[in-house]
Each structure stands twice: as C-alpha cells, then as structure tokens.
Amino acid sequence: MAFKEYRLGSAMVGGALGLSMIITIFMPSFDLRSAVSTKMALEKQLSAGFDIGFGYADPLLLGINRPLTVVLDADPKTGAKFDPPVTAYIYKPGVPMPPNIRHPHDLGKGVQDLSEGLGQIGSVSGSNHRVGTREGVVFTVGLGEFDGEELSYIENASATRGWTPDATLAAAGDKNTFKISQGKTEFVVQGCWWCHTLLPEQTQDWQVFGAPPYLGDFNGENPTAFGSDRKAPDLLHVGSRNSSREWMLLHFFNPRLVQVNSIMPRFDYLWGEKDAQGNVIDYDKWRVEYLDYANGKRVYPPEVPDYAPDSEIRALIDWVLSLK
Amino acid sequence: MLLKYLTGKNEDIPAGSSAIFFGFSAIFWFVVGTGLGSFNAAKLAFPDFVTGTELFAFGHMRQVHVLAVIVGWISMAFAMTMMYMTPALGNTKLWSEKLGLWTGMMWNIGLSTALFTLWIGITSGREYSDFAWPLDLVILLGVIAPLCINVIMTIAHRRTQGIYITNWFFGSCTFMVGIVLLVGNSPEYFHLTGLSEAYLTWWNAHNLLGLWITPVAAAIAYYTVPKLTGNPLYSHRIGHMHFWSIIVFYSTPASHHIMSSPIPEWLKSFASVEGVLILIPAVAFVANILLTMKGKWTLFVENIETKFTMTGVLLAIPLNMQGGFQQTRSINWYIHGTGWIVAHAHLALLGMSTFLEIAAVYFGLQQMLKRKVYSLALANIHYWFVLIGFCIYWISMTIAGLIQGAGKIYEVPYIDVVIAEHPYMIARWVGGTMVFTGNLVWLFNMWMTARVGTLVPEGRYAHELAYDR
C-alpha cells in the first residue's frame with residue numbers, strides 16, 4: 001500500500017462511483033419527489049395500504065393486517081344516501097397506515113396541503129406506520145381546489161365525518177367489501193407479475209392495453225411491480241377492459257376453459273378446501289372430468305365451484321377488477 | 001473436515017480449501033439453478049405440466065431459478081476465483097482461509113434460507129432484489145462484506161509491486177457490489193414508494209450486472225487467458241481503460257431498463273447515451289483478450305479451459321452489440337419486455353459470463369486439488385451440451401422476442417402471439433434441459449477429479465499435463 005498511485009486509484013474509484021451516484025440517484029430524486037399524486041395514485045395507495053412486500057405486520061405475506069376497500073351507498077353515521085356511491089378505505093386497529101400518512105410530503109404539492117388541511121390526515125392518532133392506530137381509521141378520496149387547480153386528496157373520514165371502521169364495514173356489507181390489498185399481496189406472492197406487466201408502454205400500447213401511466217400515478221405504491229418480461233397481457237387497466245367476475249372465476253380456475261391456447265397456470269389452489277356453500281371441493285374429480293372434456297369425451301366442462309367469502313381467489317379477483 | 005477447519009486455526013488450513021469449497025458449492029448451485037430453469041421452461045411450453053400445487057406454480061419457481069443462478073452459481077464461482085486468483089496474482093497466500101470457509105458456509109446457509117423463503121412466497125416483490133430485506137442484510141453483511149475484506153486484505157498483503165488488472169477488478173467490484181446492495185435495497189429498508197422504488201429496483205438490478213457480474217467475469221479472463229496460453233496480456237493499459245470505463249459508464253444507465261415508465265426524460269436520454277458508451281469497455285476487453293491469444297489459437301481446440309474461456313469472450317461480441325444498442329429509444333420501444341430481453345439476459349449470464357467462470361472453475365479446482373481433470377471426454381460433452389443448449393435457447397428466445405415485438409406494435413390480439421411463440425417455448429425448454437444435463441456431467445466429472453484425478457507434480461500446472469481419458 002506504499003505506492004501513491006494505488007491510493008490515487010482508490011480515491012478515483014470512490015470519486016467515479018460517487019459522481020455516478022450523484023447523477024443517477026441524487027439528481028433524479030428532485031424530479032421524482034416533485035411528483036404530484038393523481039387520483040389513481042391515491043386510490044391505489046389507500047386500497048393497497050403499507051408495503052405489500054415482506055413487513056412486520058404481515059411477515060409471511062398471508063394478506064393479514066391489510067386495509068379493506070368498501071363501496072358505500074349511504075353515510076354510515078348519518079344514513080344520508082350517496083349518489084354516486086362513495087369508496088372508503090377501512091384501516092382496522094393494528095393495520096399499518098398507508099405510507100404517505102407518515103410522509104405527507106410525498107403526496108406532492110397541493111395534494112399534501114389539501115390532505116393536511118381539508119383532509120385532516122395529520123389528526124390520525126398514533127400514526128406509526130408499522131403498527132397502525134388503536135381505534136382504526138377510515139379514509140376516503142376527496143376533491144378540492146388548490147391554487148385554482150382541482151386536485152384529489154386523502155380525507156381522514158374518521159375525523160371529518162366521524163366514521164368508525166366497524167360502522168363503515170357494517171354499512172357496506174360483505175357484498176360491497178373488496179379485499180384489494182390482500183389481492184395485491186396474492187399478485188406479488190403468486191408471481192403473476194412475472195408475466196403480466198403493470199406498465200403499458202408509451203409507444204404502442206394505447207389501443208390494446210390503455211394509456212401509459214403519468215408521473216404521479218405511483219406515489220405511495222410499494223412495490224410498483226412493473227414487471228419486465230411480458231409473456232401475457234398488461235394488467236394496469238384490465239378492470240376497464242374486462243369487468244366480469246364470472247369470466248375471472250373461470251379464467252383463474254383453469255385458463256384453458258375460456259382461452260384454449262392460454263399458457264397461464266391454473267390457480268385453482270387459491271379456492272382453498274371449501275366452496276361458497278361450505279362443500280369440500282373435489283379437485284381430483286374435477287381434473288378427471290376436465291380431462292374428459294379436453295379429450296372430447298364430454299360436451300361441457302365440469303362446473304367451476306363458487307369461491308368461499310374468505311378464499312384467496314376472492315381477494316385476487318377484487319384486486320384485478322380494481323385496476324381501472 | 002470442513003467442520004474441523006471452520007473451528008481450527010487459520011494456519012492449519014491448507015491453501016485453496018476455501019476455493020475448493022466455493023468451487024463445488026458453485027457447481028452444485030449451477031445444477032440446481034439450471035434444473036429449475038429447465039422445469040420452468042417446461043411449464044411455459046406445457047402449462048399443465050405439474051399443475052394445481054401452489055409451490056410448484058411458475059410464479060413461485062421463476063425467481064428461485066434466477067437467484068439460484070445469480071447468487072448461487074455466478075457469484076459463488078466469482079468468490080471461488082477470487083479465493084485462488086487474488087493470492088496467486090499477489091504472490092502470497094489468501095489473507096484468511098478460515099474467513100473464506102466461513103464466508104462459503106454463510107453463503108450456502110444464507111442462500112438456502114433466502115431461496116426457501118422466496119419459494120414459499122416471502123418476497124419484497126422487486127425483481128432481482130426479491131429477498132425479504134433481513135435476508136438482503138444477511139447476504140450483504142455475512143457474505144459480501146467478508147469476501148470484500150478477504151480480497152482487499154490479500155491485495156494489501158501482496159508481495160508484488162504492481163496490482164494486476166484482475167485484482168483491480170476484484171478489489172473494487174466486491175466493494176462496489178456492497179454499495180449497490182445497500183443503496184439498491186433502500187426502498188425496502190426505508191419503505192420508499194412509487195417511482196423512486198421502481199427506479200431504485202432497476203438501479204440495483206442494472207448495477208448488479210454492471211458492477212459485479214460483467215466486470216468480474218472479464219477480470220477472470222484477464223487471468224485465465226495469459227495463464228493458459230503463456231502469452232502476456234496484450235496490453236495492461238487497455239485493461240485499465242476497460243476498468244475505468246466500466247466504473248464510469250456502466251454504473252449510470254440504470255433507467256434504460258424502464259424506458260417506458262414516466263421517469264424524467266433527461267434521465268432516460270442520459271442513460272441511453274451512457275448505455276452506448278458501455279461499448280468502450282466492452283470492445284477494449286474483447287480486443288485485449290483476442291490479441292492476447294495471438295499464436296495460441298490451437299489451444300482453443302486442444303485445451304478445455306481455453307475452449308470455454310474463448311467461447312465466453314466471443315459471445316461477449318454479440319452481447320455487447322445487443323446491449324449497446326437495444327437500450328436506445330429507437331430499438332427499445334420494439335423489443336422491451338419481450339423474449340429478446342430474456343435471450344439477451346441469458347447471453348450475458350449463461351453465455352459470456354458462465355463460460356468464463358466454468359473455465360476458471362475447471363482451472364482453479366484442478367490447481368487447488370492438484371489433480372488433472374478426470375476426463376476430457378466428459379468435459380467436452382459438458383462444453384457441447386452447454387453451448388448447443390445455450391444456442392438453442394438464445395436463438396429461439398430471440399425469435400420469440402421479435403414475434404412479440406411485432407405483435408406489440410401491430411396490435412395483434414395477445415393470444416395470437418402466445419400461439420406463435422409456442423414452438424420457441426418448446427425449443428427453449430429443450431435448450432435449457434441440455435444445459436442442465438451438461439452440468440450434471442460436469443458435477444460428476446469434477447467429483448471424480450477430486451477423487452481419482454491424476455496428481456499434478458509440484459511446480460507444474462494442470463493444463464501442462466496430457467489428458468488421461
């Protein structure tokens with residue numbers, strides 16, 4: 001180590017790497033931090049909640065301690081009818097907060113001001129992002145005006161309207177409750193994103209897969225799971241192309257039921273052991289009957305069982321249909 | 001014996017123990033990784049192959065294949081070469097064989113744990129940094145840091161005046177990959193979100209390739225080619241140009257991986273230009289090695305290590321031509337996200353990089369075991385299986401990618417693209433299975449080498465001896 005040229009060399013390696021990191025990380029960070037959340041970003045953030053990947057609240061990625069999305073026809077507190085219906089995001093006690101409740105700056109100029117002012121997100125009590133709150137919180141997306149511009153913002157409906165998680169959940173009922181966050185967890189865990197991208201390309205995807213996203217469409221999302229290896233249709237706007245729950249049901253159970261040439265794996269195991277009526281699903285029998293159908297020995301394929309309300313497939317379909 | 005060394009004194013451990021340990025671990029993970037690759041490819045060709053079980057679904061297996069190959073095979077082969085090349089080039093012993101063995105131990109345990117958790121679905125959902133962040137930290141602190149310390153301390157304790165280009169790469173790359181893992185995983189440590197998360201994911205992925213896999217593989221060739229041919233390196237100065245231009249140009253174009261996302265336009269343009277400039281280190285490397293071969297091209301046929309090394313170097317030519325230009329906007333819009341990229345990734349990792357490492361592992365294991373390779377015939381079978389398997393894979397995926405690209409811009413219904421790709425998916429599976437079979441042969445061959453290979457006399461190199469079978 002006595003030779004000065006090696007000290008110089010080491011310093012130059014550090015200098016070069018440092019410079020490269022200044023250009024590729026420090027400088028873009030100003031652009032990226034100035035992104036203003038769009039309505040799409042707020043809805044995605046509130047419905048997905050805190051990081052979908054490995055975390056303390058859900059270390060095994062089972063989809064537990066996750067927010068619920070509900071569609072309300074009436075105000076859970078006053079009973080006043082809503083037209084059109086209002087979407088609310090229920091964070092029960094112990095469910096980690098969405099990331100930008102703790103870091104409102106990342107909402108972007110205007111959205112931050114509105115969320116902290118009209119939306120009262122600063123009043124979320126004990127807003128530790130990891131452990132959630134003691135009483136739970138209900139959020140909605142509000143529409144306000146900032147500097148003459150219409151912007152969506154996060155509204156803490158528990159503070160502004162006095163909604164509690166339990167009352168909101170009861171008002172919505174199971175039919176209007178969507179397990180979008182758990183569904184995105186399934187998307188990540190089952191590796192759907194190894195084939196289905198979430199990024200329509202700026203050059204040619206407009207007509208088939210919909211508009212490519214804007215700068216502010218991702219604020220508060222982790223992971224973004226764009227995907228890189230598209231072996232299947234892009235899903236960012238899939239809910240706008242196909243909103244049929246029945247089609248999804250058939251397609252997930254065995255994609256070859258609706259598209260004979262599909263190479264998608266069967267996700268029948270997400271149904272679990274029992275169907276909606278509580279009967280045990282006989283997968284072996286189903287497969288034998290399907291094979292008969294595929295070989296032309298049956299005219300119709302066997303019936304796909306209805307999923308149970310607490311099955312994983314319900315959450316996954318909820319999430320897929322939420323991608324508008 | 002391993003247990004004895006792990007708890008024993010550093011002085012009592014024979015030189016080369018950690019290289020041997022790393023070498024066999026690397027081959028083992030290569031067999032596992034390519035086996036998984038073959039399995040996954042079968043599922044893409046025949047979707048109802050092993051169906052209805054969560055753990056054997058494609059989405060649970062794909063990332064295990066990728067990381068088993070990158071962290072298990074490629075990186076462990078790198079560690080293996082560092083364990084014997086760094087001291088040899090410094091005319092000294094490895095700084096600590098014991099630390100080397102512990103690193104290998106931690107590596108195998110950490111990687112097995114990480115791959116198992118990934119397999120059952122515990123993931124961060126970020127490509128190439130899929131492991132849950134505590135496991136990222138284990139890999140960083142338990143594997144990369146001790147490796148870096150061992151390499152840099154060995155270089156510091158060298159008994160030669162200069163530092164050869166290979167050691168420049170080894171010392172700086174082990175350090176830089178640590179920085180890359182630290183910064184690249186920050187979205188998980190600090191819960192960054194949105195485009196920052198997406199960008200850092202690809203910053204991490206790009207720099208793992210740019211500051212770890214590509215330069216270390218090249219550094220290996222800078223050692224093996226002069227050693228095997230007996231020719232001195234054509235130009236140490238061109239080697240330095242390679243080194244410095246890698247650090248300056250290869251560390252910057254991360255955003256060309258997400259050209260179609262709404263990240264700042266200046267960043268994409270900058271990345272695109274820097275991406276083309278990677279041709280400078282690339283051409284410097286290939287030219288330097290090819291000129292070093294001058295007058296010794298018969299070894300390309302006669303000597304198995306040279307055969308593998310030069311194939312890797314020659315594969316670097318299409319690799320760099322693809323890599324330099326496919327990320328420019330004018331080409332990227334056509335092939336982004338298609339099988340072309342999959343083909344390119346395999347050209348880099350299974351083509352160029354793997355061939356260079358296979359040669360170095362052959363060379364190093366013979367050297368450290370002091371035994372001649374058991375069978376040339378088996379080694380040749382290994383070579384041709386990996387090469388032909390790779391070529392089938394690369395060509396079929398390139399064609400599939402071009403089909404996908406055409407389908408994309410002409411807005412063909414997606415299912416028609418899937419139908420058109422089907423034959424190439426079968427070819428991909430055949431190619432991948434050939435690579436896997438070749439590696440099984442290799443594992444057997446090296447195992448037999450360790451047991452019954454002819455002993456190499458003191459002071460001789462294994463490649464100077466005639467082959468036995």
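Overview of values
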| quantity | calculated |
| --- | --- |
| Condition check for B:VAL441: open to solvent by less than 70 Å² (accessible area, probe 1.4 Å) and out of contact with any strand residue (DSSP E or B) (no Cβ under 6 Å at 6 or more places or on another chain) | yes |
| Residues within the range B:145-161 that are open to solvent by 10 Å² or more (accessible area, probe 1.4 Å), more than 8 Å from chain A (Cβ to nearest Cβ) and in contact with a Phe, Trp or Tyr (Cβ under 9 Å, 6 or more places away or on another chain), tallied | 7 |
| Only one of A:LYS297, A:LYS285, A:LYS274 that is more than 24 Å from B:PHE56 (Cα to Cα) and among the basic types (Lys, Arg) | A:LYS297 |
| Which listed residue, of B:THR166, B:THR174, is among the polar types (S, T, N, Q), within 19 Å of A:GLY15 (Cα to Cα), open to solvent by less than 30 Å² (accessible area, probe 1.4 Å) and at pLDDT 95 or above | B:THR174 |
| Flag if A:ASP174 is on the phi < 0 side of the Ramachandran plot and not basic (Lys, Arg) | yes |
| Single match in A:ARG33, A:ARG7 (criterion: closer than 30 Å to B:LEU195 by Cβ, within 14 Å of chain B (Cβ to nearest Cβ) and open to solvent by 20 Å² or more (accessible area, probe 1.4 Å)) | A:ARG33 |
| All positions within the range A:36-61 that are in a loop (DSSP other than H, G, I, E, B) and more than 9 Å from every other protein chain (Cβ to nearest Cβ) | A:VAL36, A:THR38, A:GLY49, A:TYR56, A:ALA57, A:ASP58 |
| Those residues of the range B:245-302 which are over 27 Å from A:THR38 (Cβ atoms) and at the interface with chain A (Cβ under 7 Å from one of its Cβ atoms), in sequence order | B:ILE247, B:VAL248, B:SER251, B:THR252 |
| Wholly within the range A:74-167, helices (runs of 4 or more DSSP H) carrying at least 2 residues that are without any contact (Cβ under 8 Å) to a residue 60 or more places away in the chain and surrounded by 19 or more Cβ atoms within 10 Å (Cβ to Cβ) | A:111-116 |
| Within the range A:212-225, tally of residues that are among the hydrophobic types (A, V, I, L, M, F, W, C) and buried (at least 23 other Cβ atoms within 10 Å of the Cβ) | 2 |
| Qualifying positions in the range B:397-415 - closer than 25 Å to B:GLY37 by Cα and either at the interface with another protein chain (Cβ under 9 Å from one of its Cβ atoms) or not in a helix (DSSP H, G or I) (or both) | B:GLN404, B:TYR414, B:ILE415 |
| Checklist (1) more than 30 Å from B:THR201 (Cβ to Cβ); (2) in the same structural domain as A:PRO99 (by TED's automatic domain parsing) applied to A:ARG245, failing item | (2) |
| Single unsatisfied condition, A:ASP113 versus (1) closer than 25 Å to A:LYS179 by Cβ; (2) charged (D, E, K, R); (3) modelled with pLDDT of 95 or more | (1) |
| Elements of type helices (runs of 4 or more DSSP H) contained in the range B:1-112, each with 1 or more residues being open to solvent by 10 Å² or more (accessible area, probe 1.4 Å), at pLDDT 95 or above and more than 14 Å from every other protein chain (Cβ to nearest Cβ) | B:17-45, B:75-89 |
| Of all residues in the range A:212-263 being of a type in the set (Phe, Trp, Tyr), within 7 Å of another protein chain (Cβ to nearest Cβ) and touching a residue at least 40 places away in the same chain (Cβ under 8 Å), the one that is farthest from A:SER37 (Cα to Cα) | A:TYR214 |
| Residue satisfying all of: in the range A:169-193; assigned to a helix (DSSP H, G or I) and hydroxyl-bearing (Ser, Thr, Tyr); farthest from the other protein chains (Cβ to nearest Cβ) among these | A:SER181 |
| Restricting the range B:405-424 to residues that are touching a residue at least 12 places away in the same chain (Cβ under 8 Å) and in contact with a Lys or Arg (Cβ under 9 Å, 6 or more places away or on another chain), the residue that is farthest from B:VAL31 (Cα to Cα) | B:LYS408 |
| Yes/no for A:VAL70 being assigned to a strand (DSSP E or B), more than 26 Å from A:LEU270 (Cα to Cα) and open to solvent by less than 40 Å² (accessible area, probe 1.4 Å) | no |
| Count - residues of the range B:114-127 that are facing chain A (nearest Cβ under 9 Å) and either open to solvent by 20 Å² or more (accessible area, probe 1.4 Å) or under 19 Å from A:THR197 (Cα atoms) (or both) | 8 |
| Residue match in the range A:260-278 (condition: within 27 Å of A:PRO212 (Cα to Cα) and either basic (Lys, Arg) or not assigned by TED's automatic domain parsing to the domain that holds A:ASP318 (or both)) | no |
| Among (1) open to solvent by less than 10 Å² (accessible area, probe 1.4 Å); (2) free of Cβ contacts under 8 Å to residues at least 40 places away in the same chain; (3) within 17 Å of A:ALA57 (Cα to Cα), the one test that A:GLY191 misses | (3) |
| Criterion: of a type in the set (Ser, Thr, Tyr), at the interface with chain B (Cβ under 10 Å from one of its Cβ atoms) and in contact (Cβ under 8 Å) with a residue 24 or more places away in the chain - qualifying residue of A:TYR307, A:TYR269, A:TYR290, A:TYR283 | A:TYR290 |
| Enumeration of residues in the range A:202-211 that are open to solvent by 10 Å² or more (accessible area, probe 1.4 Å) and facing chain B (nearest Cβ under 8 Å) | A:GLN202, A:THR203, A:GLN204, A:GLN207, A:VAL208 |
| Any hit, the range A:194-215, residues being in a helix (DSSP H, G or I), at pLDDT 95 or above and either in contact with a helix residue (DSSP H, G or I) (Cβ under 6 Å, 6 or more places away or on another chain) or not assigned by TED's automatic domain parsing to the domain that holds A:ASP58 (or both) | yes |
| Close pairs (7 angstrom Cβ cut-off, 6 or more residues apart or separate chains): of a type in the set (S, T, N, Q) in the range A:55-73, part of a strand (DSSP E or B) anywhere | A:THR69/A:THR87; A:THR69/A:TYR89; A:THR69/A:PHE178 |
| Pick from the range B:418-430, criterion more than 9 Å from chain A (Cβ to nearest Cβ) and among the hydrophobic types (A, V, I, L, M, F, W, C), ranking: farthest from B:TYR393 (Cα to Cα) | B:ALA420 |
| Residue match in the range A:17-28 (condition: open to solvent by 40 Å² or more (accessible area, probe 1.4 Å), within 14 Å of another protein chain (Cβ to nearest Cβ) and assigned to a loop (DSSP other than H, G, I, E, B)) | no |
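The values are calculated or read from the model by the stated rules, or taken from the named source; none is laboratory data. Remember, it's a predicted structure, so these values are computed and weren't measured experimentally. Cβ: placed from backbone, ideal geometry, glycine included. Neighbour counts: every protein chain shown. Surface accessibility is based on the protein's heavy atoms, side chains included, excluding ligands, DNA and RNA. Shrake-Rupley method; radii C 1.70, N 1.55, O 1.52, S 1.80 Å.
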